[in-house]
């Protein structure tokens with residue numbers, strides 16, 4: 001039911017904003033004695049800003065729906081590498097949120113190799129998501145360890161769609177770094193209680 005109302009609110013938002021723009025334009029024309037070109041320019045700029053907002057909102061809702069689909073039985077059959085990188089990170093963030101963590105996606109750039117920050121019981125866990133065709137090597141895990149020290153995290157997790165090299169596993173084993181491959185990730189998703197919608 002919540003999904004239907006969200007879709008309806010998106011569909012009614014555009015005409016509502018167009019009406020508001022027209023009212024603002026008419027009010028400005030009669031009240032402030034502005035010329036028609038100034039009012040039209042204002043309406044166009046304001047309208048573009050609203051359109052950009054609505055498009056971004058719709059895109060975010062579609063991304064969330066795709067990720068929600070992963071938590072159904074149909075989603076488990078899909079290939080993790082087929083997800084765009086940001087949606088893969090969002091999937092991991094949502095998974096840990098469902099496990100009781102407070103999660104936050106980091107910005108796309110300047111994240112020091114940290115894709116998700118997860119907090120639970122006052123302990124910070126940083127997560128790096130790697131979609132690659134080759135196993136993740138030791139240098140990536142060493143960089144993650146450096147990021148862990150930099151942000152004073154209690155634990156680090158590296159999720160890879162292609163597994164890890166022996167050297168990476170050896171390095172992680174001596175630190176508080178957990179390595180998860182795609183099979184581990186899918187097991188975690190399948191272990192979540194199924195919601196009925």
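The values are calculated or read from the model by the stated rules, or taken from the named source; none is laboratory data. The structure displayed is predicted, hence computed values, not measured ones. Reconstructed Cβ throughout: ideal geometry from the backbone, glycine too, with neighbour counts over all protein chains shown.
Just one of the listed residues (149, 169) is farther than 21 Å from residue 85 by Cα and touching a strand residue (DSSP E or B) at 6+ places or on another chain (Cβ under 9 Å), namely 169.
When region 81-105 is filtered for residues that are at pLDDT below 85 and either part of a loop (DSSP other than H, G, I, E, B) or crowded, with 20+ Cβ neighbours inside 10 Å (or both), the ones remaining, listed by number, are 83, 84.
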